[in-house]
Structures are given as structure tokens and as C-alpha cells.
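**Q** Right, I'll just put the structure down here and ask away after.
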Amino acid sequence: MEQTYATSAVDLSSVETTPAEPEAGSMIETFRAIGYSLETAVADIIDNSISAGAYNVWVDFDWKGASTWLAIKDDGSGMNNEELIRAMRPGSRNPNEVRHSHDLGRFGLGLKTASFSQCRKLCVISKKKEANPIYWTWDLDYVNQTGKWNLIRILPDLLFEQQLEELESGTTVVWNDIDRLVSNLNEGDKSSLDKFLKRMEQVKQHLAMTFHRYIENNKIKLWFQQREVIAWDPFLINEPATQKFPEEPLQGAKVKLRGYVLPHKSKLTTVKFREAEGPNGWNAHQGFYIYRKERLLLAGDWLGMFRKEEHFKLARIMIDLPNSLDEDWQIDIKKSVARPPLVLRDHLKAYASKVRAQAVEVYRHKGKVLQRKYASVEFQPVWVEKVRHGKRFYNINREHPLISQLLSGFTGKAADLQRLLRLIEETVPVPLITIRESEQPDAQGQPFEGSSHEPVINLMKLMYQSFIAQGKTDEFAKMAILNMEPFNLYPQFIDSVSE
Ligand SMILES: Nc1ncnc2c1ncn2[C@@H]1O[C@H](COP(=O)(O)OP(=O)(O)O)[C@@H](O)[C@H]1O
Ligand SMILES: [Mg+2]
């Protein structure tokens, strides 16, 4: 009998069916392509350790070229044989299932997808209290060969089992055949080792950032090659010069918003300033920091509301989410993306605008003080008014350092350049400007106003370098730049010229 969904109350028990199971080999390879980085993959494995109540998490690795392994061990509650087999199954839990409030998991996929994104052999060894360790391994090559979703009971090294025996309970996740990381690296090669260690250092920094609140609040201890990992605090909460905005509750107080303006460079030691910058640099780390159960998902992002710009770099805003709003905030499998619900965007934007405005104030402060100090220095405009035969003209100021440098360093025909300047001067569209200015005075842009401040900063830097090359002091150079059109409008950038 033919049935369609249009007929109400379809009885599916009488309809013909056919199996269409995922083909094991290709499906498991697909898991590799979810887009984890090494850093986010390790962090996802550690989430499981935290959810399992671990206090200590140890990340260890052994450099052996293509045979390099990486292991993440915890002293959490561990799993028995059945639980481990379930844990190894892709989609072991339904994403819609209500989770315990401290559970960092969601899709029942992380262990598998995070691991396969990096390696071809995933072994999990686990031990429950008063039980012996048990283990199972996913081997992508074996799944490919057999076309079956079968785990194999194989242990990469007895060492891992022995280590767990020393713990009351716990779990070790071992990655072998880490092809994504070690391909193109050779064991005996010094530069390969350096590259590998550099990547590992980046992983450590990412973990120090992702789990900083767990570490700070002594909820976990994280060990990296037996060394304790120190938390990286994006907000410099303990610095007296950090400005804290009042906390704002959202979504029935389930979500909390708190803005921070970090101290001006001059208020921090050089070391502190470097540290505070973060793994991706000052500019990249401005914006919202989204936490799900105190676990960092996003480390500096304006969520499409604003662009990242140098003078906003001191603004960092904490957003705290529970694990019950994943759908509202569109948390992805990798836990590295979050999008606020539409209804909150205006609110977030208004809050962020206040924090950003204050961040600019702090950023500019030093430049403004300098500008006041040097107010007596002769100001150099780009345009000057001249009177010729009783008539008014606007001329380009040949004394302006940018112009005079151009003229003296010009290698083409100087007369041509002079003719060009003259042409511009003679044809300034004064009547048009006058009309427009009287009609719409607010519609006129400021010099270099607009999307990016790169060009004006670059010009300031060139100017600075040329003063220094002429043997002028840093102070003189900055003073002159602050008294020069159009840089007088951008005192906030004066510090970056000497960086
Ligand atoms: N380190 C661990 N200790 C104890 N149980 C774990 C550990 N890692 C994974 N598990 C179990 O495996 C399940 C599946 O993990 P995972 O694939 O990361 O999905 P999710 O974290 O979304 O549940 C977890 O829900 C948990 O029950
Ligand atoms: Mg997980």
C-alpha cells in the first residue's frame, strides 16, 4: 500500500523499509573534517575530564617523529567496560538530553571527533574505583579495511595501564599516529623538533586561557609535561588600574555581562604588558569573551557588531553562559563558536559601546597629556591661506614636514611635482565645499575618518622614523607629530609610532 506523510496518522509499521547505514570507512573519515585545531581538540578532551569530576589533568607527549604520541590523563571517576564502549560510540548521547549543570559535553561526539581530527588511532584506558583498568581503541585504518564499526582491544604501551593503576580512578586518552601534527616532521631533525615544541607551547597557552577560571578557582590542576600550568587572566583582575564595569544580568539573570578596560601600557610592567597581550596579540584579543560554565569558548570577538581596531584593544567583556542555553547561543560541536540570540544583540551592543568608549579614553590618555604639554610648539597645517592681488587662495604648506620631505626626496622632475601641487591649489573646489558645508555641516568627514586607521598610523610611523633618522629625540618626534595636521586629530596613536 502506498502511503504519504500527507495522510494523517501514518502507520509506519506496515511500510517497506531498507537499511541505509552510514558506510563506516567514509563516515569515520568525515569526522576528521569538523574543523578542530590541535588546541581546540585537546581542550575538548579536557572538558570530558572536568565533567567526570577530575581534579588533576595531565597532558603528556613523547616526541618520536611519526610515532609521536600525546596523552591526556585525568583522575576523574573513570568508566567501566560498558560505559567505555558507549563513550567510544559516535553520538553516544542525544544533544537534546538535559545535562547535569557542571557537564561540559553536549553532542556525545567530542571525544571521537576531537581525537580523529588529529590522529588515526585513539585509545581510551579507564579505571573505576576498586576495579582494574580497561581499554578500547578506534583504529581508522582498521575501520577502513573492514568497513565495520568495530573497536579493537589494543594498548599502545603498557605504560598507560600502569599509570592508571596508580590512581584510585581515572581515564587516559591516547592519540597515536597524529598525522595532522607530525606529517612532514622527521624524528632526527632539529627544526622538526622545534616546530613540534612550538606547537605544543601554543597548546599550553590555549589551555591556560580556556580553563583559566577553573585553574584560578582551584577547581582543577593542569599539568603539561609534569609542569603546572599557570592561568592566563584576560581581564587582569588583580591589577589596580583595571577598570571594572558593573555586572549586568540578561535572559532572566542566567547570563551575565561584565566589561573590563585594561590598564594603559604605562601602568603595567613590560613583562605584564606582554603577558596580558594573549596568544594572538593585543588587537586580536579585544571584544567579548564567552564562557560556558566558566569554560572559555571565544577569546575576544565583537560578534559582528564592530571591527577590531587598535584603539579599542583595551576593551574585553566577559559573558557568562550556563550549559542550558546552547541552542539560544548556537554553540557548535567544537565549542569554539557562539552567536548571541537576536533579541540580545542591541543590549550587548549598547553595553559594549560604553566599555569601548572608556577603553578609548584610557588608550588616548597619554597622547592627550603630551599634546597639552607641547601646545606651544608651532603647529603645521597642510593648507594655508594666501592673499594674491587682493584675492584669497589656499596653498599647500611647503613647510609641513610630510610635504617638505616629499619635495626634497623627490627623484623625478621636481618641476612636474611643483606643477601638480599648483594645479591642486588653483582648483580647490571652494564654492562647492562652501555650499555643502552650509547645507550639511555634519556630513563632512574628518581627515582619515572611516573604517580603518591603518593609513594614518602608518603615516605617523613614517614621520616618526624620519625624525629619528635625522637624529631627533623620541620626545621631539612625538611632539612635532602631535602638532602636525592631520595627526593632531589622532593623539591616541602616538604611542604606537615607536613600537
Ligand atoms: N575522561 C572521561 N572520564 C569519564 N567519562 C568520560 C571521559 N571522556 C568521555 N567520557 C564519557 O564519554 C561520553 C562521550 O564523550 P564525548 O564524545 O566527548 O561527548 P559529550 O562530552 O558531549 O558527552 C561522555 O558523556 C562521558 O560519559
Ligand atoms: Mg565531550
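The values are calculated or read from the model by the stated rules, or taken from the named source; none is laboratory data. Keep in mind that this is a model prediction, so the values were computed, not measured. Note that each Cβ is placed from the backbone with ideal geometry, even for glycine, and that neighbours are counted across all protein chains shown.
**Q** Out of curiosity, is residue 186 under 16 Å from residue 71 (Cα atoms) and away from ligand 2 (no atom under 16 Å from the Cβ)?
**A** So residue 186 fails the test.
**Q** If residue 53 satisfies all but one of (1) of a type outside the set (Lys, Arg); (2) surrounded by fewer than 18 Cβ atoms within 10 Å (Cβ to Cβ); (3) away from ligand 2 (no atom under 16 Å from the Cβ), what's the number of the condition it fails?
**A** Answer for residue 53: the failing condition is (3).
**Q** Return only the number of the condition from (1) in contact (Cβ under 8 Å) with a residue 24 or more places away in the chain; (2) part of a strand (DSSP E or B); (3) over 25 Å from residue 107 (Cβ atoms); (4) assigned by TED's automatic domain parsing to the domain that holds residue 352 that residue 249 does not satisfy.
**A** The one condition residue 249 does not meet is (1).
**Q** For segment 252-293, what are the residues that are assigned to a helix (DSSP H, G or I) and of a type in the set (Gly, Ala, Ser)?
**A** Those that are assigned to a helix (DSSP H, G or I) and of a type in the set (Gly, Ala, Ser): 266, 276.
**Q** Check whether at least one residue in segment 32-41 is of a type in the set (Lys, Arg), surrounded by 15 or more Cβ atoms within 10 Å (Cβ to Cβ) and closer than 18 Å to residue 176 by Cβ, and report yes or no.
**A** The answer is yes, given that some residue of segment 32-41 is of a type in the set (Lys, Arg), surrounded by 15 or more Cβ atoms within 10 Å (Cβ to Cβ) and closer than 18 Å to residue 176 by Cβ.
**Q** In segment 380-420, what count of residues is obtained for those that are within 24 Å of residue 481 (Cβ to Cβ) and within 46 Å of the chain's Cα centre (by Cα)?
**A** Result for segment 380-420: 19.
**Q** Read through the list (1) farther than 23 Å from residue 43 by Cβ; (2) touching a Phe, Trp or Tyr at 6+ places or on another chain (Cβ under 8 Å); (3) of a type outside the set (Lys, Arg), then give the number of the only condition that residue 278 fails.
**A** The failed condition is (1).
**Q** Say we look at segment 133-153 and pick out the residues that are assigned to a loop (DSSP other than H, G, I, E, B) and touching a helix residue (DSSP H, G or I) at 6+ places or on another chain (Cβ under 8 Å); which of these is nearest to residue 169 (Cα to Cα)?
**A** Per the criteria, the residue is 133.
**Q** Going through 48, 132 one at a time, which residue ends up being of a type in the set (S, T, N, Q) and away from ligand 2 (no atom under 14 Å from the Cβ)?
**A** 132
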